[in-house]
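What follows is a structure written as structure tokens; I'll ask about it next.
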Amino acid sequence: MNFSELTKVFKKLEKTSSRLEMTDIVSEFLKDIPENLLPTVILFLKGSTFPSWSEKEIGIGSKLMIQALSSVSGMTEKSVEDILRERGDSGIVAEQVLVKKPQTTLFKEKLTVEKVYDNLDKMVDLTGKGSQEKKIGYISELLSIADPGDSKYVVRLILGELRLGVGDGIIRDAIAKSFNVDSKLVENAYYLTSDLGEVARIAKKEGSTGLNKINLIPGHPIMVMLAQKAANIEEILSEFKTAAFEIKYDGARLQIHKKNDMIELFTRRLENVTKQFPEVVKMARENIKTKEAIVEGEMVAIRSLSDRRPRPFQDLSRRIKRKYDIDETVKSIPVELNLFDIIYIEGKSLLSEKFKDRRKILEETISATDTFMLSKQLVTDDLEQAKEFYQKALDLGHEGVMVKNLDAHYRPGSRVGYMYKIKPVMETLDLVITGATWGEGRRAHWMASFLLSVIDKETGEFLNIGRMGTGLTDEQFKDMTERLKPLITKETGKEIELKPEIVVEVAYEEIQKSPTYSSGYALRFPRLVRIREDKGVNDADTVDRVQELISKSAEDKDL
């Protein structure tokens with residue numbers, strides 16, 4: 001399939017902000033895509049090369065791209081860099097500098113979608129000496145084949161800067177319309193596979209029948225069921241009557257997948273962290289008593305194996321991000337697992353089983369140890385017992401409690417009122433940093449104000465909701481600047497545009513309506529709580545979530 005066909009669709013999408021029109025454009029395009037290419041095409045439409053849960057990374061920054069553009073165009077690197085500084089968009093720069101690139105072949109090869117994917121996939125495993133030169137070679141090959149108009153989108157795709165406003169919601173509805181299946185069925189299939197491309201392939205080949213047959217597969221992460229915030233224990237007991245109370249640990253949610261000797265670990269953001277936690281792999285292999293299972297738990301950093309008081313979440317996040325010297329961090333930052341659910345066992349999905357039955361199966365499946373155990377649980381309808389359990393959790397240094405409906409099924413990807421969290425602090429928001437401003441005075445070399453955004457789940461767009469400049473020490477300003485510098489996509493004076501990649505937990509005093517920010521809302525006095533290393537941008541809070549918080553706040557004021 002010629003890449004130029006995809007380029008035409010990109011251009012159409014850029015010309016509209018209408019969700020319905022974008023859905024129609026994508027839907028019509030998908031109808032004629034060969035089944036085997038659907039996964040790749042859908043990833044490209046979303047501006048990605050690999051599924052969100054894949055470990056694969058291309059690892060190309062603007063510096064290497066400048067070298068590739070220089071090599072193909074015949075211009076000096078400085079000239080390309082000057083144009084980039086002026087235009088602020090690597091894709092536009094590629095289109096501009098490659099108009100007059102030397103013609104190297106008599107019969108010009110056509111750039112295909114398959115060729116683009118193949119070259120990007122080859123770059124993933126390149127490391128060590130000479131790897132950068134090889135990566136430049138693969139990029140240069142694509143750019144030498146591409147027409148200038150196509151090169152704009154190839155470059156944006158490689159750099160992760162292809163943002164067309166096509167989010168999961170639009171892709172979901174487009175798949176449903178293209179292949180005449182229900183959008184809810186598409187959504188459920190996506191929650192089970194975490195791969196809309198694969199869902200599209202099945203919908204095209206097998207329709208509703210195929211989507212209904214999708215099952216959990218060990219080694220393939222699912223979108224986890226999410227909790228809602230509750231104000232107090234009384235509120236939940238009045239709804240559930242009898243409920244399961246469990247400690248809310250300040251750690252990282254972990255899916256553990258087992259198939260015979262294969263163990264794979266995935267975070268809530270579907271990041272594969274198997275290599276980072278070899279001791280957890282060993283625990284799971286030895287203490288999950290079945291051949292096949294998918295269990296969930298909370299992984300917590302502890303002070304030591306003899307002193308299991310929780311350490312700050314930042315200590316755990318260091319391990320999650322660590323790619324080297326793993327043995328050293330295993331010793332310096334030990335962890336424990338508190339398991340709370342099982343959703344698959346020996347070829348059978350447990351999603352439709354009641355929580356109380358899943359808990360019983362979990363108890364029968366796990367051989368508990370000091371560091372690989374069931375989460376502490378109290379089942380009660382007694383308010384005083386529940387409050388005492390809650391206070392003990394806080395006294396032990398944990399965040400609060402989770403409260404679960406005993407009869408609830410497991411609903412991947414949803415906040416459905418089956419599970420609540422209770423914490424003694426106001427509700428925070430997980431937001432994406434999409435811009436910044438350079439500081440002044442002694443902070444002149446640091447980013448000192450950060451533009452915060454929520455996500456529109458339907459379109460995938462980032463909508464700003466405020467600026468944060470408090471809650472950080474000088475050391476944190478310095479650290480944040482170092483993290484964000486590689487993500488700069490454009491600078492205008494002191495203002496910086498950033499690739500959306502860093503998620504931060506933010507506290508605030510109030511949410512107000514505002515015409516200033518694109519979300520329509522503004523945070524009053526936002527301040528940093530912590531960087532959410534365990535969350536990707538798709539886990540950030542949405543505009544809908546902000547509206548829920550405003551409604552809840554209004555209800556509380558009326559009481």
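What follows draws every value from the coordinates through simple rules; no lab data is involved. All values reported here derive from a predicted model rather than from experimental measurement. Please note: Cβ atoms are built from the backbone with ideal geometry, for glycine as well, and neighbour counts cover all protein chains shown.
With point charges of +1 on the Cβ of Lys and Arg and -1 on the Cβ of Asp and Glu, referenced to the Cα centre of the chain, which listed residue (Met480, Ser73, Ile25) lies farthest in the positive direction of the dipole?
The residue sitting farthest along the positive end of the dipole is Ser73.
Let me ask something additional. Is there a quick way to get the dipole size of the chain? I mean about its Cα centre, with the Cβ of Lys and Arg at +1 and of Asp and Glu at -1; what is the value in debye to the nearest 20?
Values: 87 positive and 91 negative charges, 175 e Å.
That gives the chain a dipole magnitude of about 840 debye.
So which of Lys354/Lys404; Lys241/Lys356; Lys15/Lys490 end up more than 18 Å apart by C-alpha?
Lys15/Lys490
Filter the cross-link list Lys12/Lys152; Lys213/Lys535; Lys11/Lys78 down to pairs whose alpha-carbon distance in this structure exceeds 18 Å. Write out the running numbers ahead of the final one.
Working: Lys12/Lys152 15 Å; Lys213/Lys535 30 Å; Lys11/Lys78 29 Å.
Too far apart for the 18 Å limit: Lys213/Lys535; Lys11/Lys78.
Still on this structure, I have one more. So what's the back-of-envelope 222 nm ellipticity for the chain, counting only DSSP H runs of four-plus at -39500 (n - 2.57) apiece and dividing by all residues, rounded to 500? Each step should come with its number before you reach the end.
Values: 20 runs with 228 residues, N = 559.
Dividing the helical sum by the residues of the chain leaves -12500 deg cm²/dmol.
Go through segment 228-245 residue by residue and turn each phi into a ³J(HN,Hα) via Karplus (6.51, -1.76, 1.60, θ = phi - 60°); whole Hz please, and just put x for glycine and proline.
Calculated HN-Hα couplings, in order: 9, 8, 10, 6, 7, 5, 4, 4, 6, 5, 5, 8, 8, 6, 10, 9, 9, 9 Hz.
Out of segment 250-327, which chymotrypsin sites (Phe, Trp or Tyr not before Pro) are coil in DSSP terms and have no more than 10 other C-beta atoms within 10 Å?
Working: sites: Phe266, Phe313, Tyr324; in loops: Tyr324.
Passing both the DSSP loop test and the Cβ count: Tyr324.
Continuing with this model, one more query. At Thr380 and Lys275, where each label point lies 7 Å from the Cα along Cα→Cβ, what is the point-to-point distance in nanometres?
Computed distance between label sites Thr380 and Lys275 equals 4.6 nm.
I need the shape label for segment 157-294. Rule: rounded when a/c is under 1.5, else prolate if a/b > b/c, else oblate, with a, b, c from the alpha carbon gyration tensor. The partial results should precede the final answer.
Details: a/c = 1.69, a/b = 1.26, b/c = 1.34.
Oblate.
Can I ask one more? Excluding residues fewer than 8 places away in the same chain, name every one of the lysines whose C-alpha is closer than 20 Å to that of Lys331.
Straight-distance partners of Lys331: Lys275, Lys282, Lys321, Lys323.
Nothing charged except the Cβ atoms of Lys and Arg (+1) and of Asp and Glu (-1): what's the magnitude of the dipole of segment 4-141 about its Cα centre? Round to the nearest 20 debye. Please report the intermediate quantities before stating the final value.
Values: 21 positive and 22 negative charges, 67 e Å.
In debye, rounded to 20, segment 4-141 gives about 320.
Subtracting the Cα-Cα distance from 0.36 nm times the residue separation, let me have the gained length for Lys485 to Val124 in nm, one decimal.
So the extension gain works out to 127.7 nm.
Kindly identify segment 230-422 as rounded, prolate or oblate by the Cα gyration tensor criterion: order the square roots of the eigenvalues as a ≥ b ≥ c, call it rounded if a/c is under 1.5, otherwise compare a/b with b/c, prolate if a/b is larger, else oblate. Don't skip to the answer; put the middle values down first.
Numbers: a/c = 1.96, a/b = 1.30, b/c = 1.51.
Since a/c reaches 1.5 but b/c is at least a/b, the shape of segment 230-422 is classed as oblate.
If the cut-off is a Cα-Cα distance under 19 Å, which aspartates and glutamates reach Lys258, setting aside same-chain residues fewer than 8 apart in sequence?
List returned: Glu55, Glu271, Glu279, Glu286, Glu292, Glu296, Glu298, Glu336, Asp341, Glu346, Glu363, Glu364.
In whole percent, what relative contact order does the chain give with Cα contacts below 8 Å and a gap of six or more residues? Please list the in-between numbers first.
Working: 1037 pairs, mean separation 73.5, N = 559.
Averaging sequence separation for qualifying contacts and normalising by length gives 13 percent for the chain.
Compute, for segment 230-422, the length of the dipole vector about the Cα centre, with Cβ point charges of +1 (Lys, Arg) and -1 (Asp, Glu) only. Units Debye, rounded to 20.
640
Distance from the Cα centre of segment 32-95 to that of segment 446-471, in angstrom?
Centre-to-centre distance over Cα atoms comes out at 24 Å.
Name the residue from Thr329, Ile343, Leu362 whose Cα lies farthest towards the positive end of the charge dipole of segment 302-374, charges +1 on Cβ of Lys and Arg and -1 on Cβ of Asp and Glu.
Thr329
Okay, moving on. How would the chain be classified by its alpha-carbon gyration tensor: rounded, prolate or oblate, with rounded meaning a/c under 1.5 and the a/b versus b/c comparison settling the rest? Can you show the working numbers first?
Numbers: a/c = 1.66, a/b = 1.45, b/c = 1.14.
Prolate is the answer for the chain, as a/c is 1.5 or above and a/b outweighs b/c.
Within straight cross-link reach of Lys494, meaning Cα distance under 12 Å, which aspartates and glutamates are found once same-chain residues fewer than 8 apart are removed?
In chain and number order, the partners are Glu440.
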